[in-house]
Amino acid sequence: MSEVNSDYDKHLDVARSVEATRDESWRYVEKMQYAIASGALALSVTLLTFTDVVQCKWVIITSWILLVASILINFASHIVSYIASDTTREKMFDRMREGTPYEPNAINDIINKYNKPTMWLNIISIDFLALGVIGLLIFFIIQIL
């Protein structure tokens with residue numbers, strides 16, 4: 001009987017850990033991503049008001065599109081992460097209800113399976129953010145020269 005309780009407790013601990021990680025990630029990444037992208041957009045619009053003649057408009061427009069896409073993709077990744085965490089928790093609870101023994105490798109496989117889409121969205125979002133910021137730097141360097 002103690003073996004089942006021990007497995008139940010392990011499953012419950014992992015489920016709670018997944019939930020805590022989801023919540024922490026939601027808050028931290030959201031703040032940082034939005035702050036950088038929004039700040040870059042606001043700064044570029046402000047600096048653009050001091051420019052008489054705009055050269056290479058396509059560079060700044062592309063940068064703005066990348067920054068906005070970064071924000072939207074980041075938002076989507078949070079939604080996907082939330083869904084993945086709930087799905088992972090449900091799988092954990094299914095294992096507990098079925099009396100499945102605690103198997104770290106099987107649990108890691110479940111977690112990794114549902115976290116892959118979030119990981120890819122986060123990578124794409126960061127890439128778009130970086131490209132957008134680099135584009136803005138290029139634009140303002142061209143404007144200065």
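A short reminder: the numbers here are calculations on the coordinates, not readings from a lab. Because the structure is a prediction, the values reported are computed rather than measured. Here the Cβ is made from the backbone with ideal geometry for all residues, glycine too, and neighbour counts use every protein chain on show.
Quickly estimate the mean residue ellipticity at 222 nm for the chain, helices only: each DSSP H run with n ≥ 4 gives -39500 (n - 2.57), and the total goes over all residues, rounded to 500.
-33500 deg cm²/dmol, from helical runs alone.
Mind checking which aspartates and glutamates have their Cα closer than 15 Å to the Cα of LYS10? Skip sequence neighbours fewer than 8 apart in that chain.
Reachable aspartates and glutamates: GLU19, GLU90, ASP94, GLU98, GLU103.
Kindly express, to the nearest 10 degrees and within the range 0 to 90, the angle between helix 57-98's C-alpha long axis and the longest C-alpha principal axis of the chain.
Roughly 0 degrees, rounded to the nearest 10.
Measure nothing but the geometry: give the 0 to 90° angle between the long axis through the Cα atoms of 104-144 and the longest principal axis through the Cα atoms of the chain, rounded to 10°.
Long axis of 104-144 versus the principal axis of the chain: about 10 degrees.
For a quick check: sort ASP127, ASP7 by the number of other beta carbons within 10 angstrom, fewest at the front.
The most exposed by this proxy come first: ASP127, ASP7.
For the chain, take the convex hull of the Cα atoms, compute a quarter of its surface area, and give me that in nm², please.
Its Cα hull, projected and averaged over all orientations, spans 9.3 nm².
Between the helical axis of 2-48 and the dominant principal axis of the chain, each derived from Cα atoms, what acute angle in degrees is found, rounded to the nearest 10?
10 degrees
Mind telling me which of ILE60, ILE73, ILE134 comes out most flexible in a GNM of the chain, alpha-carbon contacts under 10 Å?
Taking springs between Cα atoms under 10 Å, the residue moving most is ILE134.
Starting from the coordinates of the alpha-carbon atoms of the range 66-145, obtain the Kirkwood hydrodynamic radius over all distinct pairs and give the value in Å to one decimal.
14.9 Å
Please order PHE139, PHE93 by the number of other Cβ within 10 Å, starting at the fewest.
By the 10 Å Cβ count, ascending: PHE93, PHE139.
Order of SER25, SER81, SER17 from fewest to most other C-beta atoms within 10 Å?
In order of increasing Cβ crowding within 10 Å: SER17, SER25, SER81.
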